[in-house]
Amino acid sequence: MPHEAISVFDMFKIGVGPSSSHTLGPWRAAQRFCENLFSSEQLSAVIAIRVLLYGSLAKTGKGHGTDIAIMLGLCADDPVTFDVNNITPKIQDIENMRKLILHGLHEIDFDPREDIEYLATESLPFHPNAVTFLATLRNGKNIAETYYSIGGGFVVREGEKNAATSAVQLPFPINKADDLLHWCRKTGLSISEVVMENENSWRTEMETRKGVLKIWQVMKDCMFRGCHANGILPGGLHVQRRAADLNKKLLKDAAYTDYESWMNTIRNGGNDFKYTLDWVSCFALAVNEENASFGRVVTAPTNGAAGVIPAVLQYYIIFNDGDKDDKIIQFLLTAAEIGSIFKKGATISAAMGGCQAEIGVSSAMAAAGLAEAMGGTQRQALMAAEIAMEHHLGLTCDPIGGLVQIPCIERNTMGAIKAITACQLALQSTPDFAKVSLDGVIRTMWNTAKDMDLKYKETAEGGLAIHIPISLSEC
């Protein structure tokens, strides 16, 4: 049976907030379009570029920074390395000069107010997140390419086959949770060990370990920054950042100098329930406040749900003595595999499935990762993922103003707590008696997604987005 080969580094991508599908995906699409112009030796002949945003990208694109991401992508800036402090001045220069350097090589006239169109009443059939790039050449010829941002920073060009399906043959092909469990039983390997064997098809184990620890480093940096940044989030809702104040309150002005001493200070504060609960919330808030501020985050599996996995892993490290590289890698490899199974069997795009596809999936990923890292069996890890998603089913995506702020930021705290609860339930249970399987809940999630009204799928046309009387003064 054909299988889609998805790597841990497909599920965990380093990028810039606030949205993987509305920011990172369009950014990558713009880069690919320019790379195609360059490779076909047509870049220097371009005299104009127009960008057409469809469906969900058009409806909430401004709030998600889709226009900003596309301009940076057209300039060949990379979301992994571009200095996030330079985003605002660079965009202001483009808007003021009405010019950009296409692919970093070729200057063209470009006015985002005229050359980026928001076609909010039009959608393309393949996916709600669609963008078309139109290039006019000096000889009068036009070039058009359409891309779909399908969630988690994954991008598909119209008409192309899914390269991931045939790019590599894995020793343990996995489409469903039952496939994963089959390989675990057959080999005696844990989930993370099966995943590592598959990752060896792309690179050496040493390279994978190094890459996974780099992912964790970016998550750590994001949490630390978010716990020490004050102010108002951009976008016009005037949302006050809370993580820094909570961090300061919990530590009672204790002194520390860096991330390591910060962790030790937190650990020295004890581990009673309320204290631990507050810290898990603080970690999640910190990441998603950074995400809302165009900070550097890791899709896990999306930007809107980027705070769940770091918060749960940080909880494990600080309060469960999990500060060991092997345990961190075990956690993240397991979590990534659960995310890939959801992507294959359902969706990780809120525009397709509502917030159950983002917070729900991230909570399931974190629950499974935590269960395995804490010594749970393969079936207990899968059970933890199932429990976490079961109690996110039907969660809508209704961001106020199209911004990844309300209710998105707080939802990450809830997803993290549910992941820990799901893990504990699974570890104290016997999977033999479970009535619901992970594959069963994934099918249910996908059916729920298809039945969900469009207005609850990242369109800002239903739910909190229309019932909270807040005007956006800056959007």
### Task
Spot the failing condition for residue 253; the list is (1) surrounded by fewer than 18 Cβ atoms within 10 Å (Cβ to Cβ); (2) touching a Lys or Arg at 6+ places or on another chain (Cβ under 9 Å), and only one is missed.
(2)
### Query
Given 181, 134, which one is outside any loop (DSSP other than H, G, I, E, B), over 26 Å from residue 359 (Cα atoms) and in contact (Cβ under 8 Å) with a residue 12 or more places away in the chain?
134
### Query
Among 160, 117, which is the only one that is touching a Leu at 6+ places or on another chain (Cβ under 8 Å), charged (D, E, K, R) and not assigned by TED's automatic domain parsing to the domain that holds residue 457?
117
### Task
Pull up the stretch 270-291, narrow it to residues that are among the small types (Gly, Ala, Ser) and modelled with pLDDT of 95 or more, then point me to the one that is surrounded by the fewest Cβ atoms within 10 Å (Cβ to Cβ).
281
### Task
Would you check if residue 297 is among the β-branched types (Val, Ile, Thr), in contact (Cβ under 8 Å) with a residue 12 or more places away in the chain and closer than 15 Å to residue 414 by Cβ?
no
### Query
If you take the residues of the stretch 221-255 that are of a type in the set (Gly, Ala, Ser) and under 21 Å from the mean Cα position of the chain (by Cα), which of them is nearest to residue 268 (Cα to Cα)?
243
### Message
Quick test of your reading of the structure: residue 52 fulfils all but one of (1) surrounded by fewer than 24 Cβ atoms within 10 Å (Cβ to Cβ); (2) within 24 Å of residue 457 (Cβ to Cβ); (3) touching a helix residue (DSSP H, G or I) at 6+ places or on another chain (Cβ under 6 Å). Name the failing condition by number.
### Response
(3)
### Message
Condition check: charged (D, E, K, R), touching a Leu at 6+ places or on another chain (Cβ under 6 Å) and in the same structural domain as residue 291 (by TED's automatic domain parsing). Does residue 242 satisfy that?
### Response
yes
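Every residue, every condition in (1) crowded, with 24+ Cβ neighbours inside 10 Å; (2) assigned by TED's automatic domain parsing to the domain that holds residue 325; (3) modelled with pLDDT under 95, yes or no:
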site: 365; (1), (2), (3): yes, yes, no
site: 371; (1), (2), (3): yes, yes, no
site: 388; (1), (2), (3): yes, yes, no
site: 391; (1), (2), (3): no, yes, no
site: 399; (1), (2), (3): yes, yes, yes
site: 404; (1), (2), (3): yes, yes, yes
### Residue check for residue 159: small (Gly, Ala, Ser) and touching a helix residue (DSSP H, G or I) at 6+ places or on another chain (Cβ under 6 Å)
no
### Query
Any idea which residue in the stretch 201-224 is surrounded by the fewest Cβ atoms within 10 Å (Cβ to Cβ), counting only those that are touching a residue at least 12 places away in the same chain (Cβ under 8 Å) and not in a helix (DSSP H, G or I)?
201
### Query
Out of the residues in the stretch 155-178 that are modelled with pLDDT under 95 and in a loop (DSSP other than H, G, I, E, B), which is surrounded by the most Cβ atoms within 10 Å (Cβ to Cβ)?
158
### Whichever residue in the stretch 225-237 is assigned to a loop (DSSP other than H, G, I, E, B) and in contact (Cβ under 8 Å) with a residue 40 or more places away in the chain and, among such residues, is surrounded by the most Cβ atoms within 10 Å (Cβ to Cβ)
227
### Query
Before we move on, is residue 88 among the polar types (S, T, N, Q), assigned by TED's automatic domain parsing to the domain that holds residue 145 and farther than 19 Å from residue 299 by Cα?
yes
### Query
Being closer than 17 Å to residue 23 by Cβ and touching a residue at least 12 places away in the same chain (Cβ under 8 Å), is that true of even one residue in the stretch 92-103?
yes
### Message
Can you report the number of residues in the stretch 444-475 which are modelled with pLDDT of 95 or more, loosely packed, with under 14 Cβ neighbours inside 10 Å and part of a helix (DSSP H, G or I)?
### Response
3
### Query
Which condition does residue 421 not pass, out of (1) of a type in the set (S, T, N, Q); (2) in contact (Cβ under 8 Å) with a residue 60 or more places away in the chain; (3) not in a loop (DSSP other than H, G, I, E, B), if it passes all the others?
(2)
### Task
For the stretch 321-328, indicate whether the set of residues that are closer than 24 Å to residue 197 by Cα and free of Cβ contacts under 8 Å to residues at least 12 places away in the same chain is non-empty.
yes
### Message
Being among the charged types (D, E, K, R) and under 13 Å from the mean Cα position of the chain (by Cα): is that true of residue 296 here?
### Response
yes
### Summary
Note on the stretch 1-36: residues among the aliphatic types (A, V, I, L, M), part of a helix (DSSP H, G or I) and farther than 15 Å from residue 339 by Cβ are 24, 29, 30
### Query
Looking at residue 149, is it in a strand (DSSP E or B) and at pLDDT below 95?
yes
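Condition check ((1) assigned to a loop (DSSP other than H, G, I, E, B); (2) modelled with pLDDT of 95 or more; (3) touching a His at 6+ places or on another chain (Cβ under 9 Å)) across all residues:
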| residue | (1), (2), (3) |
| --- | --- |
| 50 | no, yes, no |
| 53 | no, yes, no |
| 60 | no, no, yes |
| 76 | yes, yes, yes |
| 95 | no, yes, no |
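The values are calculated or read from the model by the stated rules, or taken from the named source; none is laboratory data. In this text, all values refer to a predicted model and were calculated from it rather than measured experimentally. In this analysis, Cβ positions are derived from the backbone assuming ideal geometry, glycine residues included, and neighbour counts consider all displayed protein chains.
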